[in-house]
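Data block below; observations after.
The values are calculated or read from the model by the stated rules, or taken from the named source; none is laboratory data. Owing to the predicted nature of the structure, the values given are computational and were not obtained by experimental measurement. Note that each Cβ is placed from the backbone with ideal geometry, even for glycine, and that neighbours are counted across all protein chains shown.
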Amino acid sequence: MAFFWLKSMHTSAFLLRSNTLGKNNKHKQRWERQEERNDINYAIQFNSRNDSFKNTGRGSIRVLAHGSMPTWPQDDKIDVNFAQSQRERALRSFRTDSGVIKRCQNFGISFASFNMWSKKYADDAIAEKIDKLKAENLVGVLIRSGREGFQYFIINQFFAYLSDNAPNLVKNIAYLRMLADLRYPHEWMSNTRKIHRRIIMHVGPTNSGKTYHALQRLQNSRNGIYCSPLRLLAYEVYNRMNKAGVSCTLVTGEDRRGADFSNSNVKPVGYNIEGEPHVAIKSCTIEMASLDKREVAVVDEIQMIADRQRGWAWTNALLGLQAHEIHLCGEVSAVPIVKKICAALDEDVEVREYSRLGQLHTSKKSLNGDWSRIKPGDCVVTFSRKEIFEIKKTIEENTGMRCAVIYGGLPPEARVEQANLFNDPNSGYDVLVASDAIGMGINLSIRRIVFTTLSKFDGGSVAHISVSQTRQIGGRAGRFGSGADAGEVTTFKPEDLKQLTESMGAQPPMIQAAGIIPSSEAIETFSHQFPDVPFSELWSMFRDISTVDDDYFLSSFSGQEQIAQCIEHLPLSVRDRYQLIYAPINARDSIVAACLVKYANYVANNTECHIGTVIKLPVRVPTNREQLQVFEQWHRAITLFIWLSFHYPEIFSNIDEATELKVQCEKSIAQGLETIRNRQGPEGTTGSQKKREERHERKNLKSSRALDKIEMAVKNHMKQTANA
Ligand SMILES: Nc1ncnc2c1ncn2[C@@H]1O[C@H](COP(=O)(O)OP(=O)(O)OP(=O)(O)O)[C@@H](O)[C@H]1O
């Protein structure tokens, strides 16, 4: 993969104070341009170099040439021909990937040896001489791994090839491969293997009552745990249990709450020797699940075991929960993989199938591109935050109805508030404009889902959303007991209706493999072999050399790698690095990443961190969507502090101050949403503010022209490189 650095671009990188809005616009604009330009096969990434955190106001832009990047097909369209073309593509790009070459050097492989062996490997693969790389065997790999994972697979198989054909090229290769051997996950949790567990799967479409039945069982147990994919769902179950008089605690990455003993019906199940109450149930996000002995465990949305980033958490829960009864709720597509894993554990699986409660039908007509056809109770779904606000404005102007908004970047508290506005028939908010964040969690009284598009930018290219995602989002219409008992699904554009109808009528393909990650101990032992290699490279090296069984895949590390790079320059232990890279953040959020570096500095120095020294919220309420986005990032930076306080309680001890700041930030976000709604003109802007924004626009236009010139230079450079 060809890339080079353009260091001359002066960018104001990570700015932590309130006067940064204009400068942050520039970054935002670049990211938006990245999305827009995807169709001409360029991804321009803002790259956070370590020195950019030193307030130098400089950064660099990394330009990755993706070559021709077609849309990734849905699973059932992946065949031998596709496998062949992807194999050739991946073999070509891995041979020129400077990251791979660098890692090979870390393994002691010289450039000349890499050149020679990578060519042999590519030739043998194309000649179908390597079993695992035969096109027919790659179909399953492509489905399991997706685009990003497939590239890793090709690199990983290169090391397997070296191990067989040039065992002396990498020193200790057999030992390294043994350290990175992840083939036997069913042998990992020895304590759990001593327990006889009954596994019950509740499967069915959205809104079929599967979670309801599992929760009924949990509620009647002496002690149990509910593992949720979202903080919001964990909170919902926490409330539900306490309301029903069952003592329940809440544990999420950002929140810990005791049982609600203010409710006189809620009684602890007993007391320990210090007189502290034992509660019956724990409701948590799945990454926070503890594996103590229990009577009942409920794991929600089990199909997420195949999620490229988070799947490992479901696998850990399935392998490790020490409960006599485990209830797994989710899509029928998860049944085969759960059965396979449980067969290896010598455990039986009982499957209970459910049908949808209430009607759901796909409309025969789209809205034909006409916003005036939006009706009260509609939820308009789009996948870009920018579009959410534009659509909201258009609908409000065209119909006179007001729109609530829900998207992933909004804090959960704000999402609940927006959901309440939409659900309340007297609030004046008749329509919801949302992203796929509505697919799980919050109860919504939606009558009709209107998809504005069925494609989504997946970080590499624009791809169709999967059958499973389409059905999950579409299924939110007509939720049982919401007052909208019959649901409808349609599209905004007529050309999307055919695909929607097909997806809504199809069954999601069966899940082939479950995510896993190496333990911190495995990474630590591996790191001792390479004391001079930076942690972020170490992680990729582990992936290069690891061996994984076909029923599993190594979860994506890309988010973790980005975090690892941000904190690479700090003197942290391997264990601390392992902890920090799993912080629930996106390192591309510049403000959050900058705060993480500051927080990590306190960890490195083992000194107490006061949130006030890192975060000062802007005093003004956000009045446009860019400013709102900055507040959203501050909110994530505050919740990151709270997350850290659970892992490093002595360093991040002042949670009260953080909680206060978080509430203040939530208020500003709520006011911002209200202000943007109430003002006139584009994005709710008026008068002098409008002028200010026009000035910004002009500035942005200038920098966008500069960017065009750079891209032209990049194109020319690549042409020359290709010719050479
Ligand atoms: N037997 C029942 N009695 C009363 N309410 C029920 C019953 N079954 C389901 N519900 C209600 O119907 C709604 C949908 O149920 P539930 O959340 O269990 O569905 P689900 O299949 O898990 O859907 P999703 O995958 O969207 O979460 C919930 O509000 C739930 O409380």
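Does K134 count as at pLDDT 90 or above and surrounded by 13 or more Cβ atoms within 10 Å (Cβ to Cβ)? Yes.
When the strands (runs of 3 or more DSSP E) confined to region 234-351 are screened for residues that are away from the ligand (no atom under 16 Å from the Cβ) and in contact (Cβ under 8 Å) with a residue 40 or more places away in the chain, those reaching at least 1 such residues are found at 281-285, 293-299, 322-330.
Answer yes if at least one residue in region 368-376 is closer than 28 Å to C665 by Cα, surrounded by fewer than 18 Cβ atoms within 10 Å (Cβ to Cβ) and either of a type in the set (S, T, N, Q) or under 25 Å from the mean Cα position of the chain (by Cα) (or both), and no otherwise.
No - not one qualifying residue is present in region 368-376.
Of the helices (runs of 4 or more DSSP H) lying entirely inside region 620-724, those containing at least 3 residues that are farther than 22 Å from R385 by Cα and at pLDDT 90 or above span 625-647, 655-678.
If the condition is being surrounded by fewer than 23 Cβ atoms within 10 Å (Cβ to Cβ) and polar (S, T, N, Q), then region 556-591 contributes S558, Q560, Q562, Q565, S573, Q579, N586. For region 368-422, a residue qualifies if it is touching a Cys at 6+ places or on another chain (Cβ under 9 Å) and polar (S, T, N, Q), but none of them does.
Modelled with pLDDT of 75 or more, closer than 23 Å to L538 by Cβ and not in a helix (DSSP H, G or I), is that true of G108? It is true that G108 is modelled with pLDDT of 75 or more, closer than 23 Å to L538 by Cβ and not in a helix (DSSP H, G or I).
Quick check on my filter: what residues within region 334-364 are modelled with pLDDT of 95 or more, within 30 Å of Q499 (Cβ to Cβ) and among the small types (G, A, S)? Of everything in region 334-364, those that are modelled with pLDDT of 95 or more, within 30 Å of Q499 (Cβ to Cβ) and among the small types (G, A, S) turn out to be A334, S363.
If you go through region 433-472 and pick out every residue that is farther than 19 Å from M304 by Cβ, at pLDDT 85 or above and within 16 Å of the ligand (Cβ to nearest atom), you end up with 6. Evaluation of V548 against the conditions (1) closer than 30 Å to L142 by Cβ; (2) touching a Lys or Arg at 6+ places or on another chain (Cβ under 6 Å); (3) surrounded by 18 or more Cβ atoms within 10 Å (Cβ to Cβ); (4) not charged (D, E, K, R) shows that the sole unmet condition is (2). Scanning region 514-535 for residues that are in a helix (DSSP H, G or I) and of a type in the set (D, E, K, R) returns E521, E524. Considering only region 384-394, I want to know if a residue exists there that is within 16 Å of the ligand (Cβ to nearest atom), assigned to a loop (DSSP other than H, G, I, E, B) and either at pLDDT below 95 or buried (at least 19 other Cβ atoms within 10 Å of the Cβ) (or both). No: zero hits. Being modelled with pLDDT under 95, closer than 19 Å to G149 by Cβ and either touching a Pro at 6+ places or on another chain (Cβ under 7 Å) or of a type in the set (A, V, I, L, M) (or both) is the requirement here; does A513 meet it? In short, yes. The sole residue among S262, S221 that is among the hydroxyl-bearing types (S, T, Y) and under 21 Å from E350 (Cα atoms) is S221.
Elements of the type helices (runs of 4 or more DSSP H) sitting completely within region 151-223 and holding at least 2 residues that are at pLDDT 95 or above and within 16 Å of the ligand (Cβ to nearest atom): these cover 210-219.
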